[in-house]
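For reference, the structure is listed below as structure tokens.
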Amino acid sequence: MIGSLEFLYKTELPHRAIAVYRYLFDRANQQGQCWPAIPTMARDLKLSENTIRRALADLRCAGMITTCQRIRTNGGKSSLLYTLAQK
């Protein structure tokens with residue numbers, strides 16, 4: 001898993017993206033993966049769901065995370081799988 005988050009403060013990312021990255025980092029497993037729902041992140045971080053979506057887009061564009069849609073056994077969509085890039 002990723003060690004220090006010091007690199008994060010040297011980026012040009014907006015504060016919303018830094019907050020969301022730290023949130024994902026705190027919840028990631030040993031492989032750097034987690035799957036919190038956007039409404040859960042919004043509630044926990046006290047940000048709107050749209051702000052969370054913009055932050056996730058910022059992080060994807062910066063190459064700091066990848067996302068993959070998870071599918072339930074009945075074929076419905078589940079939360080995204082977030083994988084943190086190894087820095």
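Computed from the coordinates by the stated procedures, all read-outs in this text should not be read as laboratory data. Everything numeric here is computed off the predicted structure, so don't read it as measured data. Every residue, glycine among them, receives a Cβ derived from its backbone with ideal geometry; neighbour counts consider all protein chains shown.
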Neighbours by Cβ (under 9 Å, 6+ apart or cross-chain): first from region 26-44, farther than 14 Å from Ser79 by Cα; second part of a helix (DSSP H, G or I) and not aliphatic (A, V, I, L, M): Gly32/Phe25; Asp44/Tyr23
Complete set of residues in region 18-51 that are closer than 16 Å to Gln86 by Cα, touching a strand residue (DSSP E or B) at 6+ places or on another chain (Cβ under 6 Å) and aliphatic (A, V, I, L, M): Leu24, Ala28
Near pairs, Cβ below 7 angstrom, 6+ apart or cross-chain, from region 62-83 (among the charged types (D, E, K, R)) to any residue that is not in a strand (DSSP E or B): Arg70/Trp35
Breaking point among (1) out of contact with any Lys or Arg (no Cβ under 7 Å at 6 or more places or on another chain); (2) within 18 Å of Leu84 (Cα to Cα), for Thr67: (1)
